[in-house]
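S.K.: Pasting in a structure now, in structure tokens, and then I'll have a few things to ask.
None of the figures in this text is laboratory data; all of them are computed from the coordinates on show. Computed from a predicted structure; not experimentally measured. Cβ coordinates were reconstructed from backbone atoms using ideal geometry, including for glycine residues, and neighbour counts include every protein chain displayed.
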Amino acid sequence: MHSPKFQTFSVKNQSTQFEFYILCKGLNSGKPLDKPCPNSYVCICKNQDEKDFYFWLLFGLWKAKHFHQLLTGSVIPFIRIDEFKKEVATQAEHVSKQRTAYAKTIDKIKLLEQKEKQLQQYLAVIQDVKRATIYRYLKR
């Protein structure tokens with residue numbers, strides 16, 4: 001399997017359609033993101049399949065707090081890009097050996113993420129209804 005290119009994000013670099021971003025500072029280091037932010041790396045992939053593979057691999061590693069072992073720094077912890085690349089390559093190689101089972105697991109995780117977003121939307125609506133219910137009794 002081809003390995004994507006990881007580099008420190010810079011607004012000066014031209015973006016491609018097959019890239020995503022990874023938070024590299026703080027306790028959420030390793031979290032894949034759709035949009036860039038300061039303190040992030042960019043993962044530049046060759047195609048959509050590679051992007052999906054690495055995005056969900058990093059998502060799983062982040063959710064499992066796998067990157068915590070790579071954090072350096074006492075005030076604001078961060079991941080060094082060389083250590084990050086090495087660990088991602090190791091994990092990608094390991095997961096590639098179980099590609100079919102891994103793909104099924106990713107499909108399940110995508111469905112769970114979708115359900116979680118729906119629940120968050122429902123909770124936001126409930127909060128709005130509670131606020132509106134009490135608001136009509138308050139002095140304006």
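S.K.: Sort the following peptides by mean Cβ neighbour count (other Cβ atoms within 10 Å, averaged over residues), highest first: 73-81, 112-120.
M.R.: Going from most to least packed, we get 73-81, 112-120.
S.K.: Want the number for residue 35 to residue 66: 0.36 nm per residue separation, take away the alpha-carbon distance, what's left?
M.R.: 9.0 nm
S.K.: Tell me what the chain gives for mean residue ellipticity at 222 nm when only DSSP H runs of n ≥ 4 count, each as -39,500 (n - 2.57), the sum divided by the residue total, rounded to 500 deg cm²/dmol.
M.R.: -17500 deg cm²/dmol
S.K.: Normalised by the residues of the chain, what does the relative contact order come to in percent, with Cα pairs under 8 Å and at least six apart?
M.R.: The value is 21 percent.
S.K.: Report, in listed order, any pair from 35/104; 25/63; 25/86; 25/115; 85/115 with a Cα-Cα distance greater than 21 Å.
M.R.: As for pairs spanning more than 21 Å Cα to Cα, those are 35/104; 25/115; 85/115.
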